[in-house]
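What follows is one structure encoded as structure tokens, with my remarks underneath.
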Amino acid sequence: MARELRRLWMPPEQLQGDRWVLNPEQRHYLQRVLRLKPGDRCAVINGQGGLWTAELGDRDQLFVVEAAPVVPPPQPRLTLIQGLPKQGFDEVIRQATELGVTTIQPVISDRSQVRAEAQKADRWRKIAIEASEQSERLYLPTIAPIRSGADAIAQTSKDSLRCICLARRSLPNLLPWLQAQPAWTDLTIAIGPEGGWSDAEIEQAIAAGWSPVSLGASILRAVTAPIVALSLAQAVAATRSLDN
């Protein structure tokens with residue numbers, strides 16, 4: 001079945017009737033990288049909950065063999081607001097995708113040491129696609145355009161449970177804080193860049209209703225903190241799902 005086959009993401013518009021039409025890059029990947037031959041099968045995902053078993057044809061097409069029922073979007077929704085680090089954001093995207101993040105919002109904050117115009121949105125999307133294929137996710141995460149940290153903090157919906165992660169402060173740890181919250185289906189976690197959030201950004205977040213939390217006594221790297229935070233959030237969500 002499709003769950004045991006190598007996966008390939010394809011845009012929904014490439015499905016034409018009973019076949020997926022391949023572009024040259026996809027054909028190369030299937031034949032030269034995966035070493036598939038005509039008649040071999042793979043799985044196709046469209047990033048919107050769809051999963052198909054498909055068979056490679058002689059030409060640039062994959063024939064649909066079986067279509068699985070469309071899966072609804074996963075719960076809870078997890079949004080990561082991440083201050084862009086000097087290095088390593090590619091890996092943040094990869095690992096956050098594997099951990100089920102719904103939206104990644106990169107931000108330039110007061111202490112960021114990178115330029116927005118130097119970032120590679122197309123590359124980030126490609127990394128998210130590859131991570132989704134590898135981790136067997138059926139929904140691609142959204143990678144939002146870069147914004148300022150102040151705008152992201154101010155404009156995040158109040159319907160979301162919101163927390164901002166800080167270091168070197170006596171604060172509730174994220175894990176028990178999440179466990180103590182009423183049932184939540186939408187969580188936004190804000191992680192700063194190297195050096196963390198500025199005092200002005202922290203004051204703005206708290207004034208807007210964000211809860212300051214800690215990820216523990218250790219001072220984590222800017223690219224480690226989001227992985228820890230998302231892992232804790234998924235652990236709490238999984239525990240509650242089992243309890244229900």
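The values are calculated or read from the model by the stated rules, or taken from the named source; none is laboratory data. Keep in mind the model is a prediction, meaning the values are calculated, not measured. Note: ideal-geometry Cβ built from the backbone for every residue, glycine included; neighbour counts use all protein chains shown. We work out accessible area using only protein heavy atoms, side chains counted, and drop any ligands, DNA or RNA first. Shrake-Rupley method; radii C 1.70, N 1.55, O 1.52, S 1.80 Å.
Among the residues making up region 58-75, those that are in contact with a Phe, Trp or Tyr (Cβ under 9 Å, 6 or more places away or on another chain) and surrounded by fewer than 20 Cβ atoms within 10 Å (Cβ to Cβ) are 61, 63, 64, 65, 66, 67, 68, 71, 73, 74. Here residue 234 fulfils each of the conditions (1) open to solvent by 40 Å² or more (accessible area, probe 1.4 Å); (2) touching a Gly at 6+ places or on another chain (Cβ under 7 Å); (3) farther than 25 Å from residue 74 by Cα apart from (3).
Residues in region 103-110 include at least one that is under 20 Å from residue 210 (Cα atoms) and in a loop (DSSP other than H, G, I, E, B).
Inside region 1-57, residues that are of a type in the set (Lys, Arg), within 22 Å of residue 73 (Cβ to Cβ) and open to solvent by 30 Å² or more (accessible area, probe 1.4 Å) make up a count of 1. Taking the residues in region 120-138 that are touching a strand residue (DSSP E or B) at 6+ places or on another chain (Cβ under 9 Å) and open to solvent by 50 Å² or more (accessible area, probe 1.4 Å) as candidates, determine which candidate is nearest to residue 48 (Cα to Cα). Within region 120-138, the match that is nearest to residue 48 (Cα to Cα) is 136.
Within region 68-85, residues that are closer than 17 Å to residue 230 by Cα have Cβ atoms under 7 Å from residues that are at pLDDT 90 or above and of a type in the set (Asp, Glu) in these pairs: 76/186; 77/186, counting only partners at least 6 apart in sequence or on another chain. The number of residues in region 88-106 that are under 12 Å from residue 132 (Cα atoms) and surrounded by 22 or more Cβ atoms within 10 Å (Cβ to Cβ) comes to 4.
Of the residues making up region 107-116, just one is surrounded by fewer than 17 Cβ atoms within 10 Å (Cβ to Cβ), among the charged types (D, E, K, R) and touching a residue at least 40 places away in the same chain (Cβ under 8 Å), namely 111. Being more than 17 Å from residue 140 (Cβ to Cβ), among the small types (Gly, Ala, Ser) and under 24 Å from the mean Cα position of the chain (by Cα) is true for just one of 88, 49. Which residue is that? From the options 88, 49, the qualifying one is 88.
Of the listed requirements (1) at pLDDT below 95; (2) of a type in the set (Val, Ile, Thr); (3) within 16 Å of residue 101 (Cα to Cα), residue 219 misses just one: (3).
If you take the residues in region 149-165 that are hydroxyl-bearing (Ser, Thr, Tyr) and in contact with a strand residue (DSSP E or B) (Cβ under 6 Å, 6 or more places away or on another chain), which one is surrounded by the fewest Cβ atoms within 10 Å (Cβ to Cβ)? Out of the qualifying residues, it is 160. Would you pick out the residues in region 176-213 that are open to solvent by 50 Å² or more (accessible area, probe 1.4 Å) and of a type in the set (A, V, I, L, M, F, W, C)? Passing the criteria: 180, 183, 200, 206, 207.
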